[in-house]
Amino acid sequence: MATVDRVADILITLLTTERVSIAELSNLTGYPSSSLYRIISRLVLRGLVIRRPGGVYSLGTIFLRYNEPEDINKFRELAKPFVDELSKETGESVNVVIYQGTKAINIILIHVIHKTRMITYNLTELPLHCTANGKILLANLDPGQLNSVMEATKLYNFTKNTITKRDKLMEDLSKIKNTGIAIDHEEYELGIISIGSPIRSFQGNVIASSAILCPPQRLTDARKKKLVTMVKKCTADISRALGYKNNIHVNSMR
């Protein structure tokens, strides 16, 4: 029972202190650092605790619901370094969205204009049916939930490329679920092609998506394959940081 008590004390402390080092946790709980390190290491392996840069620890995302502002902020903080690096490596805009109701909610947008990068965190809504991130989220809903969302969603025509036929969209979603990649071919905004990939929670559920946004004139077939690989690696890294352990393939499209 002593070990159970220590685990409970560790989790309660992390819940109230945001993030701590082993030494700080020892001071807060009164337990020796060597004992805490052994327990924390096991909790990290199980996804209950996350080890962050600098040797500090915080609660794992299994405790987060991503539907309250503080939870969104924690997820944003975790994902930002990965998508920031992706934007730097590609020289393109990158965003991250989560699913709420019948909308995709943009929680990070790194906007690149003439090599100037601007990061915004406004919770802006995006349609599900005609954005790469939105289609990633749709494709990974369970069949019953997907059917309910489709019944409640009007497939508005944003550009000449927008898919407005349900059968055609469902066919597209099936391919997206199989490949793990969605591409918006100027379906939401002319002049922007987005390439999206899913972000998975500790349990393997798709809880978010990230995409590269690129003008078509910079997207040759060779570069498209490269960007696919890069965005899949980015979302795989975020998923692993969230505790997802399954193998995630980051090679280009199947």
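Take the stretch 162-175 and flag every residue that is touching a Cys at 6+ places or on another chain (Cβ under 8 Å) and either surrounded by fewer than 18 Cβ atoms within 10 Å (Cβ to Cβ) or free of Cβ contacts under 8 Å to residues at least 12 places away in the same chain (or both).
Initially, the stretch 162-175 is screened for residues touching a Cys at 6+ places or on another chain (Cβ under 8 Å), giving 162-163.
Answer for the stretch 162-175, where residues must be touching a Cys at 6+ places or on another chain (Cβ under 8 Å) and either surrounded by fewer than 18 Cβ atoms within 10 Å (Cβ to Cβ) or free of Cβ contacts under 8 Å to residues at least 12 places away in the same chain (or both): there is none.
Being assigned by TED's automatic domain parsing to the domain that holds Ser209, among the charged types (D, E, K, R) and either modelled with pLDDT of 95 or more or within 22 Å of Ala222 (Cα to Cα) (or both) narrows it down to one residue among Glu125, Glu92; which is it?
Working: Glu125 fails: either modelled with pLDDT of 95 or more or within 22 Å of Ala222 (Cα to Cα) (or both).
Exactly one of Glu125, Glu92 is assigned by TED's automatic domain parsing to the domain that holds Ser209, among the charged types (D, E, K, R) and either modelled with pLDDT of 95 or more or within 22 Å of Ala222 (Cα to Cα) (or both), namely Glu92.
Those residues that are within 30 Å of Leu242 (Cα to Cα) and surrounded by fewer than 15 Cβ atoms within 10 Å (Cβ to Cβ), I need them from the stretch 176-206; list them, please.
Within the stretch 176-206, Asn178, Gln203, Gly204, Asn205 meet the criteria.
Scan the stretch 24-40 and give yes if some residue there is aliphatic (A, V, I, L, M) and free of Cβ contacts under 8 Å to residues at least 12 places away in the same chain, otherwise no. Before you say what the answer is, go through the steps one by one.
Residues of the stretch 24-40 aliphatic (A, V, I, L, M): 25, 28, 36, 39-40.
Filter once more, so that each one left must be free of Cβ contacts under 8 Å to residues at least 12 places away in the same chain: none.
No, the stretch 24-40 contains no residue that is aliphatic (A, V, I, L, M) and free of Cβ contacts under 8 Å to residues at least 12 places away in the same chain.
Pull up the stretch 51-65, narrow it to residues that are buried (at least 18 other Cβ atoms within 10 Å of the Cβ) and either part of a loop (DSSP other than H, G, I, E, B) or within 16 Å of the chain's Cα centre (by Cα) (or both), then point me to the one that is modelled with the highest pLDDT. Lay out the reasoning, then the answer.
The first filter runs over the stretch 51-65 and keeps only residues buried (at least 18 other Cβ atoms within 10 Å of the Cβ), leaving 57-61, 64.
Going one step further and asking which of them are either part of a loop (DSSP other than H, G, I, E, B) or within 16 Å of the chain's Cα centre (by Cα) (or both), we end up with 60-61, 64.
Values: Gly60: 71, Thr61: 61, Leu64: 58.
Across the stretch 51-65, the extreme among qualifying residues is Gly60.
Looking at the stretch 159-182, which of its residues are out of contact with any Leu (no Cβ under 6 Å at 6 or more places or on another chain), more than 26 Å from Lys232 (Cβ to Cβ) and outside any helix (DSSP H, G or I)? Walk me through how you get there before you give the answer.
Within the stretch 159-182, the subset out of contact with any Leu (no Cβ under 6 Å at 6 or more places or on another chain) is 160-162, 165-172, 174-182.
Next cut, more than 26 Å from Lys232 (Cβ to Cβ) only: 160, 165-167.
Lys160, Lys165 - these are the residues of the stretch 159-182 that are out of contact with any Leu (no Cβ under 6 Å at 6 or more places or on another chain), more than 26 Å from Lys232 (Cβ to Cβ) and outside any helix (DSSP H, G or I).
Cβ-Cβ distance below 6 Å, separation of 6 or more or different chains: which pairs start in the stretch 91-108 with a residue that is assigned to a strand (DSSP E or B) and end on one that is of a type in the set (Ser, Thr, Tyr)?
Partner pairs satisfying both residue conditions: Val94/Ser87; Val96/Ser210; Val97/Ser209; Ile98/Tyr66; Asn106/Thr124.
Is it the case that Tyr156 is part of a loop (DSSP other than H, G, I, E, B) and within 20 Å of Arg76 (Cβ to Cβ)?
On the way: part of a loop (DSSP other than H, G, I, E, B): yes; within 20 Å of Arg76 (Cβ to Cβ): no.
It is false that Tyr156 is part of a loop (DSSP other than H, G, I, E, B) and within 20 Å of Arg76 (Cβ to Cβ).
The values are calculated or read from the model by the stated rules, or taken from the named source; none is laboratory data. Just so you know, these numbers come straight off a predicted model, no measurement behind them. Neighbour counts run over all protein chains shown; Cβ positions are idealised from the backbone, glycine included.
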